[in-house]
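Please read the structure below before turning to the comments.
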2 protein chains.
Amino acid sequence: MTRTWAPVPADSGFGLANLPYGVFAPPGEPPRCGVRIGDHVLDLAAALGDDGFAAPSLNAFLARGRTAWTQTRNRIVDLLTDTSHEPRLTPHLYPVGDVVLQMPFGVADYVDFYASEHHAGNIGRMFRPDAAPLLPNWKHLPVGYHGRAGTVVVSGTPVVRPCGQRKAPSAAAPTFGPSAKLDVEVEVGFVVGASSELGRPVPVSRFAEHVFGVVLVNDWSARDIQAWEYVPLGPFLGKSFATTVSPWVVPLDALAAARVPRPPQDPAPLEYLAEEAWALDLDLALEVNGQVLSRPPYTRMYWSPAQMLAHMTVNGASLRTGDLYASGTVSGPEREQRGSLIELTWNGTEPLTLEDGSTRTFLADGDTVTISGTAPTADGGRISLGEVTGRVEPAVDG
Amino acid sequence: MTRTWAPVPADSGFGLANLPYGVFAPPGEPPRCGVRIGDHVLDLAAALGDDGFAAPSLNAFLARGRTAWTQTRNRIVDLLTDTSHEPRLTPHLYPVGDVVLQMPFGVADYVDFYASEHHAGNIGRMFRPDAAPLLPNWKHLPVGYHGRAGTVVVSGTPVVRPCGQRKAPSAAAPTFGPSAKLDVEVEVGFVVGASSELGRPVPVSRFAEHVFGVVLVNDWSARDIQAWEYVPLGPFLGKSFATTVSPWVVPLDALAAARVPRPPQDPAPLEYLAEEAWALDLDLALEVNGQVLSRPPYTRMYWSPAQMLAHMTVNGASLRTGDLYASGTVSGPEREQRGSLIELTWNGTEPLTLEDGSTRTFLADGDTVTISGTAPTADGGRISLGEVTGRVEPAVDG
């Protein structure tokens, strides 16, 4: 890999191989688009002389499509490696610690899948102990549902514990109050750039034409609210109070070396889901109050990103710039690879003891949850997917 | 009611008592906001000298809030009743037949409820004949889910029959192909104008501060796709291919005389759902190929519009300008009041015979579906909610 003149600390996950995009606001200045290099953010409107990046959202850039995305990335690499640009660009590099990172794109529709066999199996074993862990449709299609786009927020946004209805199985009627089973879900999200036409499915082979890149996602979940409400139309208020995403959108171009074979699928999926077979080698980590609780491996996901996209559009549903679809909880086969507290504590029956001696079944007020991730590069290093973090605040009027 | 100088045919549902808002494009001109009077559309940017209406979307106006909505309505009534304005405004009145009506607002999030006891009961009786028709949560909360905002389209947009996976109960595996059970759902949609803050529920008492008005909704549904996919996360591709709305947003101010007592609720709902007790007296009609199949009465809906809003936000989920939430299928207690074909034909077991002698279980290619509606006025007349229509086109590659 060529070297950059920009300052990049040793072991930075934000070298030239990464170059993720985000939206940042320098102190007292309006937000605009930038690309991260080391511990700095490069102002793209200034660096490229392109007003499309002067907006407080990546959407205009995302809408341009694959050819423009690659050209822009190549141009940024040129600017950051050719030392002749250093004098002009240095004033447009901001220390990342001095800026406020904002929501990187406007979310059009948000879809959440359920693509981990280990997660779906764990949930099945917990709630249907006498039946097969997976429901009959699970291995035939990537099960998914629409979430609330308007409550997708950027990393760092506090999460107020939601109130709602919940009913114990033995209770005669529901009660109202703060969720007692506030949970997290470690997920990876895929950001759609190029739109598609209503009525025209997007096949698996066109994944990279439409998907720009990835973010980390914490799909906060109130398990008690969800358990009471979700039959027959699925999760609603148990999920819609907040979904947090990382501030940096890592382009697919930075993840070429992370493509690995997908786990085998049996039964073979129907033809519209059958054309590709790669997964992403992303190592994720779930921390509560700074302590790593699990390391979910994205490589083990049953359904691939391209399969989820093809399924989501096979009925003719169109894509819009800013659509976000997430993988569902990433869990591996081992206990320490589970991406949610409901799995780690087996629905609260096996509490975790944290290093400070306190125990958790689900999240306590004041807990800070952080999800981070890395991906391999061609030269044996790793790039960072950044992190998505949020602190639990007490319920309002709870 | 004062009289207007503008031409309004006798028995028009679009007199001064209505004045719904939409987006229209005169031939060869860009789209902008208008208000309907009789069989004409008044260009609001020109009439009011307000650039907020020059956009191809009502969203900027919707964001202004209740006080501005009422002031604008009063001003429009003044303009249309004081004959001194006639010479200036007449050039800004366009025959509705000469313009193209577009999507009236940009949809932020789309939520679909399930608020008719008769509809939910019919579905329960069909699919769980040996159990109670309603699931245990149904009378405690308005069951709902998020739909796909990006495929909400305006009346007149053709609907391509979706393809997808479906599996007969007796089949070993799913197959892929065009839906054989394409259905409609007669619904009423509520358009959110004023946004709310994340983490702060919107109580039932603040309904009119946030909700601007109503549209008619056809929530097209592929019953076979839905039946296979929906466990456990709810409807997804069976609904996301298209949702059609009427082009005219009827303001709540035009529906004051339509407020009637809501049917009693037993058990009494929890306190956050308990503060108001009105329903809307809207008469709806479902036509296929010009033949009225049913007349669903909105008065009989179990959950009220304000209860749905309060429930949707009780977990702290915020509202955005352009949020749309729909009632779910409107069905009354009588057979001829059912708002979907799955109910009218009892899941295809009781085919309908149309006037041309053909029969239907579900929709055939080429069928045109039209939903219309009216509401009472204070002087004993009725205003029109317009109509939402769409023609079924054959599946692509089907």
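The values are calculated or read from the model by the stated rules, or taken from the named source; none is laboratory data. As the structure is a computational prediction, the values presented were derived from the model and not from experiment. For neighbour counting, all protein chains shown are included, and Cβ atoms are generated from backbone atoms with ideal geometry for every residue, glycine included. Side chains are part of the model used for accessible areas, which takes the heavy atoms of the whole protein and leaves out ligands, DNA and RNA. Shrake-Rupley method; radii C 1.70, N 1.55, O 1.52, S 1.80 Å.
Couplings 3J(HN,Hα) of the stretch A:289-300, computed from phi: 6, x, 9, 6, 9, 7, 10, x, x, 5, 4, 8 Hz, in residue order, whole Hz [Karplus 6.51 cos²θ - 1.76 cosθ + 1.60, θ = phi - 60°; x for Gly and Pro]. Surface composition of the stretch A:21-102: carbon plus sulfur atoms hold 53% of the accessible area, using a 1.4 angstrom probe and ignoring ligands, DNA and RNA. Among the chymotrypsin sites (Phe, Trp or Tyr not before Pro) in the stretch B:294-398, those placed in a DSSP loop whose Cβ has at most 16 other Cβ atoms within 10 Å are B:346. Per residue, the Cα convex hull of the stretch B:307-373 amounts to 163 Å³.
Phi-derived couplings, Karplus 6.51 cos²θ - 1.76 cosθ + 1.60 at θ = phi - 60°, listed residue by residue for the stretch B:262-275: 6, x, x, 10, 9, x, 4, x, 4, 4, 5, 10, 9, 8 Hz, with x used for Gly and Pro.
Backbone geometry of the stretch B:203-208 corresponds, through the Karplus equation with coefficients 6.51, -1.76 and 1.60 at θ = phi - 60°, to 3J(HN,Hα) couplings of x, 3, 5, 9, 3, 6 Hz, x marking Gly and Pro. Note on the protein assembly as shown: with charges restricted to the Cβ of Lys and Arg (+1) and Asp and Glu (-1), its dipole about the Cα centre is near 480 debye.
Over the residues of chain B, the helix contribution to mean residue ellipticity at 222 nm works out to -4000 deg cm²/dmol, using -39500 (n - 2.57) for each DSSP H run of at least 4.
Under 5 Å between amide hydrogens, built in the peptide plane, is the criterion, and for residue A:100 it picks out A:25 among residues at least 5 positions away or on other chains. Contact order, relative form, for the stretch B:64-192: 17 percent (alpha carbon pairs under 8 Å, 6 or more residues apart, mean separation divided by residue count).
Between copies, residue B:275 shows label-point distances of 5.3 nm, shortest first, with the point placed 7 angstrom from Cα along Cα to C-beta. For residue B:148, the amide hydrogen comes within under 5 Å of no other amide hydrogen, counting only partners 5 or more places away or on other chains and with H modelled in the peptide plane.
A label point on residue B:74, set 7 Å along the Cα-to-Cβ line, lies at 6.2 nm from each of its counterparts in the other copies, closest listed first. Rounded to the nearest 10 degrees, what's the angle between the helix A:117-127 long axis and the longest principal axis of chain A, both from Cα atoms, 0 to 90? Around 30 degrees separate the two axes.
Note on chain A: percent of Cα-Cα distances in each 20 Å bin, starting at 0 and stopping at the bin with the largest distance, equals 28, 57, 14, 0. Taking amide H positions as modeled 1.01 Å from N, with prolines and chain starts lacking one, the residues under 5 Å from residue A:58 and 5 or more places away or on another chain are A:105, A:106. Label-to-label distances for residue A:91 across copies, nearest first, come out at 5.0 nm, using points 7 Å from Cα in the beta-carbon direction.
Pairs of Cα atoms nearer than 8 Å and 6+ residues apart set the relative contact order; for the stretch B:21-102 it is 39 percent.
Taken over the alpha carbons of the protein assembly as shown as equal point scatterers, the Debye sum produces base-10 log I(q)/I(0) values at 0.05, 0.09 Å⁻¹ of -0.26, -0.87. The distance separating the Cα centre of the stretch B:106-124 from that of the stretch A:210-244 comes to 19 Å. Dividing the C-alpha radius of gyration of the stretch A:231-287 by 2.2 N^0.38 Å, with N its residue count, gives 1.62. The angle between the Cα long axis of helix A:66-81 and the longest principal axis of the Cα atoms of chain A comes to about 60 degrees, rounded to the nearest 10.
Normalised by residue count, the stretch A:1-105 yields a Cα convex hull volume of 97 Å³ per residue. The interface between chain B and chain A buries about 5300 Å² of solvent-accessible area in total (1.4 Å probe, ligands and nucleic acids excluded). Overall, chain A carries a charge dipole of about 600 debye about its Cα centre when +1 sits on the Cβ of Lys and Arg and -1 on the Cβ of Asp and Glu, all other atoms neutral. Per residue, the convex hull spanned by the Cα atoms of the stretch B:233-332 measures out at 168 cubic angstrom. Residue of chain A with the Cβ closest to the rotation axis carrying A onto B, and that distance rounded to whole Å: A:234, 1.
Using a cutoff of 8 angstrom between alpha carbon atoms and counting only pairs six or more residues apart, the relative contact order for chain B works out to 21 percent.
Think of a 1.4 Å ball rolled over the protein heavy atoms: the protein assembly as shown then has 35 Å² of accessible area per residue.
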